[in-house]
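To start, the structure under review is shown below, and the notes come after it.
The values are calculated or read from the model by the stated rules, or taken from the named source; none is laboratory data. Not measured: the values here are computed from a predicted model. Methodologically, a virtual Cβ is constructed for each residue, glycine included, from the backbone with ideal geometry; neighbour enumeration extends over all protein chains shown.
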Amino acid sequence: VTPMQGFTRFAGTMEFSGINDTIRKERVEAIARAAKSYYPEIEISMEDKANAKSGLRPVSPDGLPYIGRSKAYSNLVYATGHAMMGWSLGPATGKLVSEIIDNKKTAMDIAPFNPDRKF
């Protein structure tokens, strides 16, 4: 449940199915039922459910983000694949990226986040 400007967002499903923006009605209904169980007075209209949106959240196969320099391009630094933790990890990732760009020792070992790791 996220209060937004002028409305409240109810969300909470994740699907691992490649790049697509398909809205599955049964998932929208499940979210609406869950919202109603916490907020019995709420009425989510059919129109609101029909207007449900999706957002893509890039994630790596091992669930760890990609953070580090590209081997192919000297002026490219990766900071992606945070899945649903992007906003939470953003400040720490920003610190690491600034250290990488400045050629400083990073505040932590970033080997697990190597963009060229193999799966």
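So the values come out like this:
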read-out: Candidates M14, M4, filtered to the one that is touching a residue at least 60 places away in the same chain (Cβ under 8 Å), closer than 24 Å to W87 by Cβ and of a type outside the set (V, I, T); value: M14
read-out: Filter result for G68 (of a type in the set (G, A, S) and in a loop (DSSP other than H, G, I, E, B)); value: no
read-out: Residue count for region 23-42, restricted to those that are loosely packed, with under 10 Cβ neighbours inside 10 Å and free of Cβ contacts under 8 Å to residues at least 12 places away in the same chain; value: 4
read-out: Failed item in (1) touching a Leu at 6+ places or on another chain (Cβ under 7 Å); (2) at positive phi, with G68 passing the rest; value: (1)
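Rundown of residues vs (1) in contact with a Lys or Arg (Cβ under 7 Å, 6 or more places away or on another chain); (2) assigned to a loop (DSSP other than H, G, I, E, B); (3) crowded, with 16+ Cβ neighbours inside 10 Å; (4) at pLDDT 95 or above, yes/no style:
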position	(1), (2), (3), (4)
L56	no, yes, no, no
S74	no, yes, no, no
M84	yes, no, no, no
W87	no, no, no, no
T93	no, no, yes, yes
L96	no, no, yes, yes
A107	yes, yes, no, yes
P112	no, no, no, yes
